[in-house]
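The values are calculated or read from the model by the stated rules, or taken from the named source; none is laboratory data. Here the structure is a predicted model, which means the values were calculated and not measured. Every residue, glycine as well, gets a Cβ built from its backbone with ideal geometry; the counts of neighbours run over all protein chains shown. Keep in mind that these areas ignore ligands, DNA and RNA; they rest on the heavy atoms of the full protein, side chains included. Shrake-Rupley method; radii C 1.70, N 1.55, O 1.52, S 1.80 Å.
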Amino acid sequence: LNSNLTGNITSGGDNLGTVTLSGDGTGKAQSIIGNIGSSTSLDLGILNIGSDTVSANYSKTTINGDVFANSTVLNNGATNSSELILASGKNITSTITTADANMGILTLAGGIQTVTGQVGNGNKLAEVNAGNGTSTFVNDVYATNLDVEGTGTVNLDGNFTGTAIRYNDNGIVNLADGKNINSSITSDAPNQGTLNLVGTSTVTGQVGDATNNLKEINANGIAGKTVTFANNVYATNTNIGAGTVDIKGNLTGAVN
């Protein structure tokens with residue numbers, strides 16, 4: 001596709017067909033107004049965002065429908081990332097990978113949205129933008145940065161591995177029991193952002209800093225659950241439930 005498509009893309013069976021939003025050397029804006037696939041057994045084989053044959057061509061693609069695909073691949077320009085924008089209230093059932101390490105952008109526009117497949121792998125995406133509404137990642141996420149853009153909620157049901165989870169607004173991140181954050185956590189303003197940990201988890205990087213601390217950390221695990229912070233923690237309030245909080249670095253803020 002060199003331009004836009006209005007209509008659904010269907011598959012006659014499991015993992016059939018390839019669709020490429022080819023873009024151009026300027027990161028052409030493209031859109032699909034319709035659904036891609038219809039179920040996990042009637043899904044597209046490969047959805048390419050950006051050309052997989054012309055290395056200079058990248059795309060900024062908005063999909064205004066639900067996506068069922070075996071694999072979604074971000075193919076980037078030499079120095080520019082392709083971007084997949086999933087319209088508000090739409091979901092994607094697919095793995096999402098990038099052809100180039102630390103390139104490719106996934107943006108969830110808002111509403112209630114779910115990404116069921118793993119995001120990234122050995123090649124991390126450059127950026128994942130979420131939190132304008134309720135954004136749920138069912139599987140692991142590998143990205144240089146996960147940006148919490150709004151005042152909504154980001155549910156991490158898998159692990160996050162990257163450089164930073166960045167609160168760009170006063171949003172909420174929920175981390176599932178048994179899952180870890182393998183990155184730092186930052187805020188671009190003081191007393192901003194809430195982190196909820198409901199079970200046994202580890203946060204490897206520093207949380208907040210002396211200038212821009214998190215608003216709140218809630219470690220609400222039941223007895224027998226342990227939250228481990230491997231680095232320094234800066235939060236206005238750290239609230240502890242019946243479980244254990246093990247802080248390997250310094251803690252700045254109130255403990256309740």
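Potential lengthening of the chain between T228 and A101 amounts to 42.8 nm, from the contour at 0.36 nm per residue minus the alpha-carbon distance. A straight line joining the Cα centroids of region 1-51 and region 186-239 runs 39 Å.
Accessible surface computed residue by residue for the chain, with neighbouring protein chains in place and a 1.4 Å probe, gives 39 Å² per residue. In the list [x] 17.4; [y] 14.0; [z] 13.2, the label attached to mean projected area of the Cα convex hull in nm² as derived from the coordinates here is [z].
The shape of region 95-174 comes out prolate: with a ≥ b ≥ c from the C-alpha gyration tensor, a/c is at least 1.5 and a/b beats b/c. Projecting label points 7 angstrom from Cα along Cα→Cβ for N123 and A56 puts them 2.0 nm apart. The number of Lys pairs in the chain with C-alpha atoms less than 27 Å apart, excluding pairs fewer than 8 positions apart on the same chain, is 14. Shape of region 138-256 from its Cα gyration tensor (a ≥ b ≥ c, root eigenvalues): rounded if a/c is under 1.5, otherwise prolate when a/b > b/c, or oblate? Note, shape of region 138-256 comes out rounded. If only the Cβ of Lys and Arg carry +1 and only the Cβ of Asp and Glu carry -1, the dipole of region 87-231 around its Cα centre is close to 220 debye. Working ranking of peptides 114-123, 4-13, 134-143 by packing, defined as the average number of other Cβ atoms within 10 Å per residue, highest first, is 134-143, 114-123, 4-13. When only Cα pairs below 8 angstrom with a gap of at least 6 residues are kept, the chain shows a relative contact order of 9 percent. Projecting the Cα atoms of M103, S55, S184 onto the charge dipole of the chain (Cβ charges, centred on the Cα centre) puts S184 farthest toward the positive pole. Model label points for T151 and N8, set 7 angstrom from Cα along the Cα-to-Cβ axis, are 3.7 nm apart. Summing Cβ point charges (Lys, Arg +1; Asp, Glu -1) relative to the Cα centre of the chain gives a dipole of roughly 200 debye.
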